[in-house]
Every structure is written in C-alpha cells, then in structure tokens.
Amino acid sequence: KNPFGTIGVPMMENVHYEFVASLAGVLINKQEEMKLVMPICKEISDARNEIVENRAGNWVWFIDSDHIFAPDTLNRLRARKLAICGAIAYTKKHPFVPCIYAERGGDGKHHAVLYPWPMDRPFEVGMTGTGCILINNKVFEDVKAPWFEYNKDMGEDMYFLTRAKEKGHHIVVDPTIPLGHMTSMPVDFELFISTNYPQLVPGLRRG
C-alpha cells in the first residue's frame, strides 16, 4: 500500500521526550499508511530539502523536534484541505511572539509580527514558520529544488514560502490547533498573553 503522505522531522542531537510522546500519539492515531523521514543533525535547510526529496504520497507535514502537540494535530491540518496550512508556533525567547507575519513594504521581503489575529478560525498570513506545517505535494512541484535555502534577506522557511506565494499559493494558519515550542517549558498562546498582557492592553495591569 502506498503512503498517503510524509511526516518530515529535522532531528536535532537532543530531542525532548515530550516531542517523542507527541509524535507517538500522532502515529498511533494515524488513519492511513505514512512515510516518516527524519534527517539527523543536519543543517536545517539541508534536512528540509532531504525530506522533500524523499517524500511519498500527497503531502508533507513538517514538525520540528522541539515542539509538543496533540495526537489529532495532523488530522486537523489535513481536514482543512489547503495547499499550505500550519499551526502557530511562538518564539522561545521573551516576549514569546507568534511566528506569524504580515507583509510590510510591499516587496515580499519584509514582514512584521501579526497581532491581533482571529482566534476561532483559520486565516491567511503574509508569512509563517515551518515548525508545524502541512504542505500539499503540488506546492513542491511548483517550487523547484532546492526548496529551502538561506539567503541574505530571509531564512530557509521564508525563502520557500515566498517562492510558493509567487506561484499563487496562499499561506494559512489555524489558531485553534494548540502547539508548544519547547524550552524548559512549552511556549504557547497562554504564555504569550501572560507575558505581554500590559503591552497588549494599555492602561491595565494584571492583579
């Protein structure tokens, strides 16, 4: 039986046990055969390109090895039936801002952190990270190799997604899908709000 899609994990040297548990939950709850590609200790752009080169099926789900997520995460991303759909990750360092961006300047190379955003439905963004994102195979066919590459203007994920947008693809994120970015604790929406509340709501202070 042919795999229905590919789970791609760029693996770092040290992987948190909560990531392993999260991935196991997804694999236990999978509905079809899937291919798992896990390049180990490689430059992130090289790892992502290796995943795409070795993909099988209709889509690739990139999930970074420093995230934690629910067992139904992949199924929920697939249910949207979009060419590009991700969950929202938050940066590991204060102020723990979301990795979703609006275009700034109109040249496709400059972006600003997007806030506020819709909390109850998927929405289109100018750019996002690729730490937890589902990408249809058609996008990889439209954007030729090397898919991921660093340049002076942007990182490997923005490089790929910028080229995907040039081919007419839209970048959508789903804020209803929880995702944690591991440091010594998961960085998620609740931590973002709790550490930024005074700045987000001027004149108010938390009790």
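Here the condition is being part of a loop (DSSP other than H, G, I, E, B), touching a residue at least 24 places away in the same chain (Cβ under 8 Å) and under 16 Å from the mean Cα position of the chain (by Cα); of TRP117, TRP147, it holds for TRP147 alone.
Do we have ILE68 as more than 22 Å from ASN137 (Cβ to Cβ), touching a helix residue (DSSP H, G or I) at 6+ places or on another chain (Cβ under 7 Å), open to solvent by less than 50 Å² (accessible area, probe 1.4 Å) and among the β-branched types (Val, Ile, Thr) here? It is true that ILE68 is more than 22 Å from ASN137 (Cβ to Cβ), touching a helix residue (DSSP H, G or I) at 6+ places or on another chain (Cβ under 7 Å), open to solvent by less than 50 Å² (accessible area, probe 1.4 Å) and among the β-branched types (Val, Ile, Thr). Scanning the range 96-111 turns up no residue that is in contact with a Lys or Arg (Cβ under 9 Å, 6 or more places away or on another chain) and under 28 Å from VAL20 (Cβ atoms). Pairing residues of the range 179-207 that are within 23 Å of VAL20 (Cβ to Cβ) with residues that are surrounded by 10 or more Cβ atoms within 10 Å (Cβ to Cβ) and modelled with pLDDT under 80, at Cβ distances under 6 Å and at least 6 apart in sequence or on separate chains, gives GLY180/PRO186.
Of all positions in the range 150-165, at least one carries a residue that is in contact with a strand residue (DSSP E or B) (Cβ under 7 Å, 6 or more places away or on another chain), modelled with pLDDT under 95 and of a type outside the set (Val, Ile, Thr).
Please work out if PHE19 is hydrophobic (A, V, I, L, M, F, W, C) and not in a strand (DSSP E or B). Spell out the reasoning first.
On the way: hydrophobic (A, V, I, L, M, F, W, C): yes; not in a strand (DSSP E or B): yes.
Criteria met by PHE19.
Residue by residue, here is whether (1) part of a helix (DSSP H, G or I); (2) modelled with pLDDT under 95; (3) loosely packed, with under 13 Cβ neighbours inside 10 Å holds:
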residue: GLU13; (1), (2), (3): no, yes, yes
residue: ALA24; (1), (2), (3): yes, no, yes
residue: GLN31; (1), (2), (3): no, yes, yes
residue: LYS42; (1), (2), (3): no, yes, no
residue: ARG48; (1), (2), (3): yes, no, no
residue: ILE51; (1), (2), (3): yes, no, no
residue: ARG55; (1), (2), (3): no, no, no
residue: PHE62; (1), (2), (3): no, no, no
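Among the residues making up the range 150-170, a single one is aliphatic (A, V, I, L, M) and outside any helix (DSSP H, G or I): MET154. When the criteria are applied in full, THR195 fails the requirement of being more than 17 Å from ALA102 (Cβ to Cβ), modelled with pLDDT of 95 or more, outside any strand (DSSP E or B) and open to solvent by less than 60 Å² (accessible area, probe 1.4 Å). Is it true that some residue in the range 53-65 is among the β-branched types (Val, Ile, Thr) and within 16 Å of the chain's Cα centre (by Cα)? Yes: the range 53-65 contains one or more residues that are among the β-branched types (Val, Ile, Thr) and within 16 Å of the chain's Cα centre (by Cα).
The values are calculated or read from the model by the stated rules, or taken from the named source; none is laboratory data. A quick note: this is a predicted structure, and the numbers were derived from the prediction, not measured. With ideal geometry, Cβ positions are generated from the backbone for all residues, glycine too; neighbour counts draw on all protein chains shown. Accessible surface areas use protein heavy atoms only, side chains included; no ligands, DNA or RNA. Shrake-Rupley method; radii C 1.70, N 1.55, O 1.52, S 1.80 Å.
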